[in-house]
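Input: a single structure, listed below in structure tokens.
The values are calculated or read from the model by the stated rules, or taken from the named source; none is laboratory data. Model, not experiment: these values are computed from the prediction. Reconstructed Cβ throughout: ideal geometry from the backbone, glycine too, with neighbour counts over all protein chains shown. Ligands, DNA and RNA are excluded from the accessible area calculation, which covers all protein heavy atoms including side chains. Shrake-Rupley method; radii C 1.70, N 1.55, O 1.52, S 1.80 Å.
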Amino acid sequence: MDSLAANTDSHAHQKAVAALDAGEALQLISFSVDEQYFGVEITTVREIRAWSDVTPLPNTAPFVRGVINLRGTIVPIIDLRTRFGGPKTDTTPTHVVVVLAIGQKWMGILVDAVSDILTVPHADISPVPDGAEINGEEALLTGIVTHADQMVGLINLPAVVRGATPLN
Amino acid sequence: DAMSFADMLSDVQGDPAPQEADSQPEIQPETQSENTREPAPPQAAASQGDPKPEPKAEKADKTAAKASATPAIQSVRVDLDKVDRVVNMVGELVITQAMLTEQIDDRLRDNYTDLVRGLEVLAQHSRSLQDSVMAIRAQPVKSVFARMPRLIRELSAQTGKKIRLEMHGETTEIDKTVIEQLSDPLTHMIRNSADHGIESPEARAEQGKPEEGTIMLSAEQAGGKIVIRVSDDGAGINRKRVYGLAVERGIIAEDAVLSDEDIDQLVFAPGFSTAESVSNISGRGVGMDVVRQNIQKLGGRVHVKSEPGRGSSVTLTLPLTLAVLDVMMVRVGEASYVLPLGSIVESIQMSDASVNTLPDGARVLQLRGEYIQVIDLASLFSFTSSVPESDQFLILCELEGNAKIGLVVDTILGQQQVVIKSLEENFARLDGIAGATILGDGRVALILDVTSLKSLHRARSGAEAA
């Protein structure tokens with residue numbers, strides 16, 4: 001039984017690698033906020049760090065927690081929980097910041113924990129159902145995929161970040 | 001390979017850009033002798049990460065010392081990326097050195113005199129290194145200014161007006177990346193002066209002005225910034241027309257009440273470009289609003305002053321990139337903020353200051369016959385003050401345009417030098433914030449921009465009132 005399972009796993013693994021190489025799949029890092037899972041393409045991830053104090057910025061959207069010093073560069077941190085309509089995260093040293101490169105800019109998103117690295121065939125990605133916009137904004141997710149019985153929302157990074165620029 | 005080196009050298013000499021101090025002593029021996037240590041010419045050596053540290057340091061030294069004029073200025077072409085990396089590293093070095101200096105206390109001074117002395121010497125060297133490194137990337141504005149006399153001649157011919165150009169401060173140095181972006185805005189500003197500012201010779205004679213109008217272009221370093229000014233002795237801004245056009249374009253309400261100065265700044269409003277600026281002469285209707293956007297992208301600011309009949313002047317204020325800024329550190333609530341020393345006039349203890357509250361809640365300081373707006377930084381940044389008002393300090397600051405403002409802080413922590421880090425690189429420009437810096441303990445502190453703090457305050461008061 002075990003060896004059968006092992007064989008199935010390694011077979012699945014080989015398929016995944018092949019699909020990646022063929023450009024038919026995406027490799028994601030998934031992370032959780034409350035019991036919800038979200039993912040971003042692994043190529044956008046620059047660093048994963050434990051939560052550390054931020055310096056708040058005046059006159060910015062509530063989900064912009066502030067900025068940190070990342071080896072000499074100033075990087076803003078977005079609270080993903082707040083961004084998706086939830087309350088401000090009660091941060092502890094176990095919370096995680098995922099630093100991403102979005103276009104030319106680096107930004108960190110605050111999440112509860114990093115979960116997994118998954119390879120997802122394009123074919124398995126479902127579009128976001130209508131009406132999924134939050135507060136009338138553009139959709140913050142580009143798609144949904146099910147992995148190991150979990151629904152993982154693929155984050156629309158430019159949209160998540162777009163709301164972060166200063167209020168006027 | 002002496003042949004290709006000579007080609008490269010003449011290629012480099014043709015480059016009008018970097019005016020680094022001469023490196024003749026290093027280059028000449030290599031030209032003459034075929035048996036150089038490196039098989040590749042020095043230029044390639046520069047691209048390979050410079051196996052010879054001393055000549056570079058020597059060159060930087062000479063640049064910093066601004067060697068007296070030599071007949072031929074030698075230069076070496078270096079990838080800007082490499083320079084940027086050095087610039088960043090020096091920035092980090094300055095921060096680390098500042099942190100070390102911060103650690104010096106009496107105990108250290110008493111028991112480790114040599115160590116303390118070493119740190120002090122290190123501080124001096126770091127400062128020299130910063131100056132040298134900044135000088136490497138800095139170029140005189142001359143290269144941009146040089147194109148202007150010809151522009152004036154063309155404009156003079158095109159408009160039929162008599163215009164003379166005066167230039168000052170061409171040797172003022174600015175970071176290379178900033179200089180390249182100045183050409184368009186300056187050209188446009190000068191065209192604007194020629195088009196709308198300077199009157200025809202007849203109109204000028206009627207007013208008793210000399211027939212020939214003057215446009216003055218100047219550059220100087222002031223208060224940690226570069227100030228570039230384009231001024232003319234023409235007619236000044238036609239405020240009625242500007243107001244009318246702004247209403248027409250929906251930029252202001254029909255019955256809006258604006259001060260003269262506010263009307264003047266309308267020329268920078270997005271979408272303002274007047275019909276005249278879409279004339280043949282001013283080109284494709286670039287507009288002063290585009291000038292402002294471009295300057296803001298550089299982290300700078302534009303401001304216009306006008307006197308009807310006398311003339312107008314547009315001032316560009318630009319930051320010195322990789323500036324090591326002299327600042328005053330202050331505490332507001334739980335956070336530390338940093339104020340450029342160049343903006344500070346004086347600091348007054350609140351208990352000594354006569355601050356009154358107006359009916360609308362605004363606070364004013366009465367000082368030597370002046371009434372100065374007071375902004376409480378704690379409430380602006382949503383903190384609760386940790387000290388009673390009488391123990392607080394009021395920092396009197398000067399904005400662009402010579403207006404003054406008083407900022408209330410909890411404590412003054414002291415003066416120091418900091419390296420400016422960009423907030424815009426990964427985020428955006430924020431009102432009230434000039435940038436950020438990294439303190440000795442690794443935390444980020446925001447550098448305040450006094451001029452736009454006023455806008456931030458206005459926005460917040462507006463939001464609260466709403």
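If you go through region B:211-257 one residue at a time, how many are of a type in the set (Lys, Arg) and at pLDDT 90 or above?
The total comes to 1.
Pairs under 9 Å by beta carbon, first residue among the acidic types (Asp, Glu) and in a loop (DSSP other than H, G, I, E, B) in region B:63-92, partner surrounded by 16 or more Cβ atoms within 10 Å (Cβ to Cβ) and modelled with pLDDT under 65, six or more apart or different chains?
B:Asp79/B:Ala46
Going through region A:27-51 one residue at a time, which ones are part of a loop (DSSP other than H, G, I, E, B), surrounded by fewer than 19 Cβ atoms within 10 Å (Cβ to Cβ) and touching a residue at least 40 places away in the same chain (Cβ under 8 Å)?
A:Asp34
Looking at (1) within 23 Å of B:Thr437 (Cα to Cα); (2) in contact (Cβ under 8 Å) with a residue 24 or more places away in the chain; (3) within 14 Å of chain B (Cβ to nearest Cβ); (4) in contact with an Asp or Glu (Cβ under 9 Å, 6 or more places away or on another chain), which is the one condition that is false for A:Ala61?
(4)
Of A:Leu70, A:Leu100, which residue is among the aliphatic types (A, V, I, L, M), in contact with a Lys or Arg (Cβ under 9 Å, 6 or more places away or on another chain) and facing another protein chain (nearest Cβ under 10 Å)?
Details: A:Leu100 fails: facing another protein chain (nearest Cβ under 10 Å).
Matching residue, one of A:Leu70, A:Leu100: A:Leu70.
Restricted to region A:73-91, and to residues that are open to solvent by 40 Å² or more (accessible area, probe 1.4 Å) and more than 14 Å from chain B (Cβ to nearest Cβ), which residue is farthest from A:Arg49 (Cα to Cα)?
Filtering region A:73-91 for residues that are open to solvent by 40 Å² or more (accessible area, probe 1.4 Å) and more than 14 Å from chain B (Cβ to nearest Cβ), the one farthest from A:Arg49 (Cα to Cα) comes out as A:Gly85.
Being buried (at least 20 other Cβ atoms within 10 Å of the Cβ) and within 15 Å of A:Asn59 (Cβ to Cβ) is the filter here; which residues of region B:413-430 pass it?
B:Leu423, B:Phe427, B:Leu430
Where in region B:328-392 are the strands (runs of 3 or more DSSP E), entirely inside, with at least 1 residues that are among the charged types (D, E, K, R)?
Values: elements: B:335-340, B:344-349, B:354-357, B:363-367, B:370-376.
Output list reads B:344-349, B:363-367, B:370-376.
I need the full set of residues from region B:416-466 which are among the basic types (Lys, Arg), within 11 Å of chain A (Cβ to nearest Cβ) and under 23 Å from the mean Cα position of the chain (by Cα), in order please.
Within region B:416-466, B:Lys421, B:Arg429 qualify.
Quick check on region B:138-156. Is at least one of its residues more than 26 Å from B:Ile228 (Cβ to Cβ) and within 29 Å of the chain's Cα centre (by Cα)? First the steps, then the outcome.
First, pick out the residues of region B:138-156 that are more than 26 Å from B:Ile228 (Cβ to Cβ): none.
Within region B:138-156, not a single residue is more than 26 Å from B:Ile228 (Cβ to Cβ) and within 29 Å of the chain's Cα centre (by Cα).
So the check is Cβ under 6 Å with 6+ separation or different chains; which pairs have a first residue in region B:376-401 that's away from chain A (no Cβ under 14 Å) and farther than 17 Å from B:Ser452 by Cα and a second one that's open to solvent by 60 Å² or more (accessible area, probe 1.4 Å) and outside any strand (DSSP E or B)?
Partner pairs satisfying both residue conditions: B:Ser390/B:Ser351.
Being more than 20 Å from the chain's Cα centre (by Cα), modelled with pLDDT of 85 or more and open to solvent by 50 Å² or more (accessible area, probe 1.4 Å): is that true of B:Leu396 here?
Here the answer is no, as B:Leu396 does not meet what is asked.
Name the residues in region B:230-261 that are open to solvent by 50 Å² or more (accessible area, probe 1.4 Å), within 21 Å of B:Ser313 (Cβ to Cβ) and of a type in the set (Lys, Arg), would you?
B:Lys240, B:Arg241
Going by the structure shown, is B:Pro210 free of Cβ contacts under 8 Å to residues at least 40 places away in the same chain and under 30 Å from B:Arg150 (Cβ atoms)?
yes
Any chance region B:210-232 includes a residue that's part of a loop (DSSP other than H, G, I, E, B) and of a type in the set (Gly, Ala, Ser)? Can you show your working first?
Here is the first cut: in region B:210-232, the residues part of a loop (DSSP other than H, G, I, E, B) are B:210-212, B:223-224.
The next check asks that each one be of a type in the set (Gly, Ala, Ser); those that pass are B:223-224.
Taking every residue of region B:210-232 in turn, at least one turns out to be part of a loop (DSSP other than H, G, I, E, B) and of a type in the set (Gly, Ala, Ser).
Do we find a residue being under 30 Å from B:Lys421 (Cβ atoms), open to solvent by 30 Å² or more (accessible area, probe 1.4 Å) and either of a type in the set (A, V, I, L, M, F, W, C) or out of contact with any strand residue (DSSP E or B) (no Cβ under 7 Å at 6 or more places or on another chain) (or both) anywhere in region B:345-354?
Checking region B:345-354: at least one residue is under 30 Å from B:Lys421 (Cβ atoms), open to solvent by 30 Å² or more (accessible area, probe 1.4 Å) and either of a type in the set (A, V, I, L, M, F, W, C) or out of contact with any strand residue (DSSP E or B) (no Cβ under 7 Å at 6 or more places or on another chain) (or both).
Of everything in region A:103-118 that's buried (at least 16 other Cβ atoms within 10 Å of the Cβ) and more than 21 Å from B:Ala428 (Cβ to Cβ), which residue is farthest from the other protein chains (Cβ to nearest Cβ)?
A:Leu118
Do we have any residue at all in region B:108-121 that's open to solvent by 30 Å² or more (accessible area, probe 1.4 Å) and under 30 Å from B:Leu80 (Cβ atoms)?
No, region B:108-121 has no match at all.
Give region B:166-203 a look and list any residue that's open to solvent by 20 Å² or more (accessible area, probe 1.4 Å), of a type outside the set (D, E, K, R), in contact (Cβ under 8 Å) with a residue 40 or more places away in the chain and more than 18 Å from B:Val227 (Cα to Cα), or say none.
B:Asn192, B:His196, B:Ser200
Name every residue in region B:305-327 that is modelled with pLDDT of 85 or more, in a strand (DSSP E or B) and surrounded by fewer than 23 Cβ atoms within 10 Å (Cβ to Cβ), in order of residue number.
B:Lys305, B:Glu307, B:Ser313, B:Thr315, B:Thr317
Quick one: is B:Ser183 of a type outside the set (Val, Ile, Thr), modelled with pLDDT of 90 or more and touching a Lys or Arg at 6+ places or on another chain (Cβ under 8 Å)? Steps first, answer last, please.
Details: of a type outside the set (Val, Ile, Thr): yes; modelled with pLDDT of 90 or more: no; touching a Lys or Arg at 6+ places or on another chain (Cβ under 8 Å): yes.
Answer is no for this residue.
Name every residue in region B:131-150 that is out of contact with any strand residue (DSSP E or B) (no Cβ under 8 Å at 6 or more places or on another chain), part of a helix (DSSP H, G or I) and without any contact (Cβ under 8 Å) to a residue 60 or more places away in the chain, in order of residue number.
B:Lys142, B:Val144, B:Arg150
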